[in-house]
Amino acid sequence: MNTRRLVHITRFIISLTFLIIFITPELTSADMKYFSILELAEQSNFIVIGKVQEIRTKTALIEIEQVLKGRITGKTILISPITVQGCVGSFVNVQINHEIGLFLNKGETGIFTVIENGQGIRELKTGISDKKDSIEAIKQLVKIAPLNEAAKINAMLNLATNSNPVLKSESLNCIATRISSSKLRENYKDALVALLKNKENDIRAAALSGLQFINDEKIIPLIIEATKSNDSRLVNNASLALAQYDTPESVKALIDLTNKENNQDERIRVRACIDLSNSRRQETKETLKNLLEDENPRVRDAAIRSMITWFRLQKADKIIPQIIKMLGDPDEEVKSEAAYALGQSHKFVATEPLLNLLKNKKIGERQEGETIDALYVLYMYGQPESKKLINENVNIIIQSLERGRWKASFSAVSLLAAINTPQAIGALKHAAKNNPFKDIREHAERSLLSNR
């Protein structure tokens, strides 16, 4: 079984007030990757500034004002698609007389295709910019797009303090997404550190995203200074940047962020608590232990998640009774995470409380699934006594399988396949034929085949 890891990588999101286009209403925002102007310029063969003259069923007639890339001889072009999804998720169509920037490729029928499922339509006049700013930004980004990656990133870094709001936004987006994930990011450390010293919080926040995976203890004081800001986005990114260090100074700063007396923002407290999971210092473990009793359930949940690392290292056995007590926490997420964490302890002492929990007919759906997952881990990787006790209580696992909840049923099939006693095999055969969920039936059938 693959155990979960809490992902510590989040990206700084730059607010772009451009309209973003969908090619079909069926495509949801969760399915899409959003492209910056630079990325659109890299992928398009034609870039046009124009005005919408006529809207048809699936196309729009555009009067060309300027051609910034490619060669177009006519004064008008037809484009498709024309359905626009705003940043808040509402669907609209391009409107007559709208002035737009178009990133296009030429279709076989002569109609110009808006690239990236329609994202290549950009309003020129937005909440952060006027038409002149947008056109100037597109022109500069068209020049930057053909450069090699190193030259391109250097050019984008130089735009971080530009007075043009569109160019500045594009630069900060590049820092937060492109530079932070670049193999060349170490080359830009000095430039990012310089931006971290800037007075503007949005620039500092982007710089922290760029520095997130660059390990240099010399910059820890600058990161700690950012944690003292009133800007939650900046503090969030500072916490993320500190997560890669395990020095007394970096850990103290994170611990301070978890303290309600120092910080009232629940999101920051949770963020810092999660980022402490990389630390192996004793004061970290003590802090997490105390946060297990925090009045805020989201903080308690995050403390359990971060404590899992200590369980896996077999260095938190004394805290297991406290986690067992949290199986009855009033918050569903907290008590579900507690069940999962007990599995990661690999200790026999966690087995009976988890089995007893499954006997409770009022157990929540999520907690039931997490509890069976935890028992699976104890069965496969825990102490021999755990396996023996679970074998003796196989009927409890079968009851969860037959209760009809998808997650618990799926996990129960995996555990029963591992148990592989006649009683467990009988339950799997019944599930393979009679379970109401098709994927559960298939999972049971595969488990039976693998056990032959």
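Nothing in this text is a laboratory measurement; each read-out follows from the coordinates by a stated rule. Note that the structure is predicted; figures quoted are calculated from it, not measured. Glycine also receives a Cβ, built like all others from the backbone with ideal geometry; neighbour counts cover every protein chain displayed.
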- Note on the structure: Between the Cα axis of helix 248-258 and the main Cα principal axis of the chain, the angle (0 to 90°, nearest 10) is 90 degrees
- Space enclosed by the convex hull of the alpha-carbon atoms of region 244-285, per residue, Å³: 59 Å³
- Among the aspartates and glutamates, which fall within straight-line cross-link reach of Lys228, defined as a Cα-Cα distance under 17 Å, with same-chain neighbours fewer than 8 residues apart omitted? Glu200, Asp202, Glu249, Asp256, Glu261, Asp265, Glu266, Asp275
- Note on the structure: The answer for trypsin sites (Lys or Arg not before Pro) in region 53-85 that fall in a DSSP coil and have at most 13 neighbouring Cβ atoms within 10 Å is Arg56, Lys58, Arg71, Lys75
- Item | Given charges at beta-carbon only (K, R positive; D, E negative), |dipole| of the chain in Debye | 800 debye
- Query: Across the chain, where is the longest run that never hits GluC sites (Glu not before Pro) in a DSSP loop with at most 11 other C-beta atoms within 10 Å?
  - Reply: 296-452
- Assuming a ≥ b ≥ c are the square roots of the Cα gyration tensor eigenvalues, decide whether region 284-410 counts as rounded (a/c under 1.5), prolate (otherwise, with a/b larger than b/c) or oblate. oblate
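Based on alpha-carbon positions alone, could you give the equivalent ellipsoid semi-axes of region 188-342 from the gyration tensor, as √(5λ), descending, whole Å? Walk me through the numbers on the way to the answer.
Values: eigenvalues 184, 51, 26 Å².
Over the Cα atoms of region 188-342, the semi-axes work out to 30, 16, 11 Å.
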- Here, trypsin sites (Lys or Arg not before Pro) of region 212-313 satisfying both criteria (DSSP loop; at most 14 other Cβ within 10 Å) are Lys228, Lys260, Arg280
- Query: Against the longest alpha carbon principal axis of the chain, how many degrees, from 0 to 90 and to the nearest 10, is the axis of helix 394-403 turned?
  - Reply: 40 degrees
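Restricting to Cα atoms and excluding each atom paired with itself, what does the Kirkwood estimate give for region 261-312 in Å?
Values: mean 1/r = 0.0927 Å⁻¹.
With all distinct Cα pairs of region 261-312 included, I get 10.8 Å.
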- Beyond 33 Å, what share of the Cα-Cα pairs of the chain remains, rounded to the nearest whole percent? 54 percent
- Note on the structure: Cβ density ranking, 10 Å radius, fewest first, applied to Thr258, Thr371, Thr109 yields Thr109, Thr258, Thr371
- With DSSP loop assignment and no more than 13 other C-beta atoms within 10 Å, the trypsin sites (Lys or Arg not before Pro) in region 357-407 are Lys361, Lys362
- Task: With an 8 Å cut-off on Cα pairs and a minimum separation of 6 or more residues, tell me the relative contact order of the chain in percent.
- Result: 8 percent
- Message: Over all directions, the average projected area of the alpha-carbon convex hull for region 102-187 comes to how many nm²?
- Response: 6.9 nm²
- Query: Too long at a 24 Å Cα-Cα cut-off: which of Lys125/Lys183; Lys33/Lys199; Lys318/Lys361; Lys69/Lys183; Lys260/Lys335; Lys125/Lys189?
  - Reply: Lys125/Lys183; Lys33/Lys199; Lys318/Lys361; Lys69/Lys183; Lys125/Lys189
- Longest principal axis of the chain (C-alpha) makes with the long axis of helix 282-291 (C-alpha) an angle, in degrees to the nearest 10, of 90 degrees
- Note on the structure: For Cys174, Cys273, ascending order of other Cβ atoms within 10 Å (fewest first) is Cys174, Cys273
- Query: Excluding same-chain residues fewer than 8 positions from Lys429, which aspartates and glutamates have a Cα within less than 19 Å of its Cα?
  - Reply: Glu402, Asp439, Glu442, Glu445
